[in-house]
1. Considering amide H positions built from the backbone, and no H for Pro or chain starts, which residues 5 or more places from G172, or on another chain, come under 5 Å of its amide H?
2. For the range 51-192, take N as its residue count and report Rg(C-alpha) divided by 2.2 N^0.38 Å.
3. Which value, in debye to the nearest 20, describes the size of the charge dipole of the range 51-192 about its Cα centre when Lys and Arg Cβ atoms bear +1, Asp and Glu Cβ atoms bear -1, and nothing else is charged?
4. Filter K82/K111; K137/K188; K59/K177 down to the pairs with a C-alpha to C-alpha distance above 18 Å, please.
Amino acid sequence: MNKNLLSIAIILLAVAIVIVNLWEPNSSEEKKDVASEENGSTSSENVAVSDSSGVEIGKTAPDFELVTLKGESVKLSDYKGKKVILNFWATWCPPCKAEMPHMQKFYEENKEDGIEILAVNLTDIDSGKESIESFVKEYELTFEIPLDEEGVIGRQYQAFTIPTSYLIDTNGVISNKIVGPMDEEMMKSLTDEMN
């Protein structure tokens, strides 16, 4: 009985730590201001965000550039014209572990149909690159694994609970947001609804 209570307490503590680390009020605005100051620019043009982009359904998904686990640079905008599942995850997350085999199977069955998966690892809250590499090898993942080493993209996309997935259509518009794990059937149904 005590072991069960201890396990539950540890899980709750881990979830609380993740939420505290990911939730930083006004952090994106502050970072935009800091980036402007560091560049010596005070132009509002450099910090303005288009009204047509955001993380809400119906908005254009904000572009980003990250380095993948393979060391290659990847941008979300590189996938315009394809349906994209943008997934946020970590190796220690039990629902992420449950979801990954489904995601891999779905990817294998649908990659020829113009569907891509970008599984962004929240590296800033994960156990290091070696554990990510081991995880990818264990689950035989073949889709791209961008590394969000500073957690900026995870916060921008409000991935406060993981896994969190955004379904992005061929025009780069967010068609759905799913908090929690998905299986192949759900992925198929949601991507079939997209243009």
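A short reminder: the numbers here are calculations on the coordinates, not readings from a lab. Quick caveat: nothing in here was measured; it's all calculated off a predicted structure. Virtual Cβ from ideal backbone geometry, glycine too; neighbours counted across all protein chains shown.
1. Those qualifying (amide H under 5 Å, at least 5 residues apart or on another chain) are G81.
2. Against the compact-globule rule of thumb, the ratio is 0.94.
3. Rounded to the nearest 20 debye, it is 200 debye.
4. K137/K188
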